[in-house]
Amino acid sequence: MIEFLNFYLIPGLVLGSIYALGAIGVTLTFGILRFANFAHGETMTLGAFIALSLASFTGWHPFAVLPLAMAFTALAVLGLDRLFFRPLRHGSTIILVIASFGLMLMVRSLVQLIWGAKLQSFGPGIQLPWVLFDALRIFPKHVTIVCSAVVLMLAAHLLLTRTRAGKAMRAMADSPDLARLTGIDTERVILTTWIVGAGLAAAAGVFLAYDTHVESQLGFKLLLPIFAAALLGGIGRPYGAMAGGLVIGLVEELSTYPWIGTDALVPPGYKTGVAFAIMVAILIWRPSGLFRGRVF
Amino acid sequence: MEQLYGIFLYGVFLLTMGGIYAVLTLGLNIHWGFTGLFNAGVAGFFAIGAYTTAIVTSAASERHLGGFGLSPAAGMAAAMIASAIIAWGVGRICIRLRADYLAIATLGIAEIFRLVLKNEVWATNGPRGISLIPKPFEQYAEPWNHIGMLLLVIAVVAVLYVLLERARRSPWGRVMAAIRENEAAARAAGKNVERLRIEAFVLGGALMGLGGALMAHHIKFIEPNAAEPISATFLVWVMLVVGGSGNNRGAVFGAILIWTIWSAAEILIARLPPEWAVKSAYLRIFLVGLALQFILQRYPDGIFRERRFRTAPSTPNREQPP
């Protein structure tokens, strides 16, 4: 039982909160710009590498440079939007998907060009866990990650519900034509969407890098689980994305627990396949997701 | 003389690889160009074809499934059948999805295939891959073995081109274009859209499997990471978009053009000092991506524009409501 908590449930929660942060960006771009952004995973990679450079340049803790890394990533994504997405915005949205697919490879090769393809680390190194009740082992880094993720999700919640920009975003996700009729500046909403999505993606990348290590494949490994989370939560539903992220993270970790007999239910080699399988199943049987998102 | 011979052999290799990519691009053209199906899992069908032929044609080995001793021709047929069956299964479950969702689903399914190829070591030798796959004409002396392979690839591309041009002009091809342009209208005209889409998906999947099989025989080796999106899916998409989607001639031309640029860049990179060479390999992907973005923004039709069907000039006016 205690093994279940230590090795399956807690890692699942950590992974789930990272997925949740990434999925918010995917669901917002899908809901507001109406296309599946394949380059979102690379935004996370970029965020992690920017934080790595900032941390080694200033000598500060990775979490201290996180706001700056989020801002730089958002700026980079705004630049990419200006160069590669805005010129295509008035055509068919599927062309945007092809462009984002190409951008995914471009950003990854640029990251490899600048920072190299080797594994790098800025995590806390080997940590001793806190032991509670003589059995429950909790790593400090996991507590930091989950708490920071919760703070960021709360911030996103406040932004979406309490500010004009957030309300405009939700209005545009519901109906772009009505939003335009009521005088909402759609280009500004698109800019806010990119900033929020990129900032949260950078944070997700930094958290995963802090837990494991920084590498150029980091974002691609996150991309499909995050799509799965966004689809599970329902497209255009930020709270759905948060819940979906947690569910996907937990299911991925818990699927290797020996539920039946003594062997892992799913062989560890297939762990990442669980998220893809859930995703395909949602697409087929419930494309609106758990929270009744939009289906375009 | 020695040098000329080297250049000649290089040209033969270049065209062989370009031709194999042309088979893959023609397959994607059926999906995306004809029918508008966004398949982001080209690499998955490629891998199924390559592994099928590798298993049925390679010699018996303790490391992987094999020893069936079939000829490469039978291996390629088996590869097409296997990919077609898998494409039918995938098509049955996700053909109704809209373009973005289909892209995500096919990418996810291709990743699942890659996990299977990596983890089922008893059949595939896992990450170490299958080597010593027989190559057609390899019993002949150089350069005839390489020329034989090239002629085989050219013949395959030529046959596919002729058949696909006929298919495109046939009622079947016209219905595909109708589904892509206006699904509701095609449905209203009584066409079974799901069934036709699955047919296109299966046909394109079979061609991708054939491309994978040709590649496996050509380089005599296959491993799971050959099915990463970078090496297959992305390049094939760039080839189709640059050549002109919907146009078979564009698909073939785009494949050979992009492959030539891709491997010419490799020669340039090989001449650089080693510390630069690794970095330039990344630069190459970046530049191909940039070329894709340029074409998408400036020449969205590609080099060869799709040839539209002409309708009789008198009909449109008569159909208009009063």
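Computed from the coordinates by the stated procedures, all read-outs in this text should not be read as laboratory data. Please read these numbers as outputs of a predicted model, since none were measured by experiment. When we count neighbours, we look across all protein chains shown, and the Cβ atoms used for this are built from the backbone with ideal geometry, even at glycine.
What to note about this one:
- Percentage relative contact order, chain A, counting C-alpha pairs under 8 Å, at least six apart: 35 percent
- Using θ = phi - 60° in the Karplus curve 6.51 cos²θ - 1.76 cosθ + 1.60, the 3J(HN,Hα) couplings for segment A:35-41 round to 8, 7, 8, 6, 7, 5, x Hz; x is entered for Gly and Pro.
- Per-residue ³J(HN,Hα) for segment B:3-8, Karplus 6.51 cos²θ - 1.76 cosθ + 1.60, θ = phi - 60°, Hz, x for Gly and Pro: 5, 4, 4, x, 5, 4
- Likely footprinting exposure, B:Tyr282, A:Tyr8, B:Tyr299, fewest C-beta neighbours within 10 Å first: B:Tyr299, A:Tyr8, B:Tyr282
- If you run the Gaussian network model on chain A, springs between alpha carbon atoms under 10 Å, then out of A:Ala36, A:Ala155, A:Ala203 the most flexible one is A:Ala155.
- Cα point-scatterer Debye curve for segment A:2-285, base-10 log of I(q)/I(0) at q = 0.07, 0.16 Å⁻¹: -0.25, -1.28
- When shorter helices are ignored and each DSSP H run of at least 4 residues is given -39500 (n - 2.57), the per-residue value for chain B at 222 nm works out to -23000 deg cm²/dmol.
- In sequence order, calculated HN-Hα J values of segment A:185-194 (Karplus, 6.51, -1.76, 1.60; Hz; x Gly/Pro): 6, 5, 4, 5, 4, 4, 4, 4, 4, 4
- Among the lysines of the protein assembly as shown, pairs that are 8 or more positions apart or on different chains and have alpha carbons within less than 25 Å of each other number 14.
- Cut-off 13 Å (backbone N to label point 7 Å along Cα→Cβ of A:Val151), residues of segment A:64-81: A:64-68
- Nearest 10 degrees, 0 to 90: helix B:42-57 Cα axis against chain B principal axis: 50 degrees
- As a size descriptor, the averaged projected area of the C-alpha convex hull of segment B:13-228 was calculated at 11.7 nm².
- Note on chain A: GNM, Cα springs under 10 Å; of A:Leu13, A:Leu160, A:Leu52, the largest mean-square fluctuation is that of A:Leu160.
- Inter-probe distance in nm under a simple model that places probes 7 Å from Cα toward Cβ, at B:Thr260 and B:Arg195: 4.4 nm
- Around A:Leu159: net Lys/Arg minus Asp/Glu count, Cβ-Cβ under 12 Å: +4
- On Cα atoms only, tilt of B:193-219 relative to the major axis of chain B in degrees: 20 degrees
- Exposure proxy ranking, count of Cβ atoms within 10 Å, fewest first, for A:Thr192, A:Thr45, A:Thr186: A:Thr186, A:Thr192, A:Thr45
- GNM result for chain B, Cα springs below 10 Å: residue of B:Leu24, B:Leu210, B:Leu272 fluctuating most strongly: B:Leu272
- Note on B:Leu70 and A:Ser121: with the Förster distance fixed at 30 Å, the Cβ-Cβ geometry gives a FRET efficiency of about 0.05.
- A Förster radius of 51 Å combined with the Cβ-Cβ distance from A:Thr58 to A:Trp285 puts the calculated FRET efficiency at roughly 0.55.
- Net length available on complete extension from B:Arg63 to B:Val12 is 15.1 nm, with 0.36 nm assigned per residue and the Cα-Cα distance removed.
- Sum of side-chain charges, A:Ala168 neighbourhood, beta-carbon under 9 Å (Lys, Arg +1; Asp, Glu -1): +3
- Taking the C-alpha atoms only, the angle from helix B:171-181 to the longest principal axis of chain B is near 80 degrees.
- Estimated FRET transfer efficiency (B:Ile154, A:Arg162; beta-carbon r; R0 51 Å; 0.05): 0.20
- Ranked list, fewest to most other Cβ atoms within 10 Å of each Cβ, for A:Asp81, A:Asp185, B:Asp100, B:Asp301: A:Asp185, B:Asp301, A:Asp81, B:Asp100
- Residues with amide H under 5 Å from that of A:Val214, placed H, sequence gap 5 or more: A:Gln120, A:Ser121, A:Phe122
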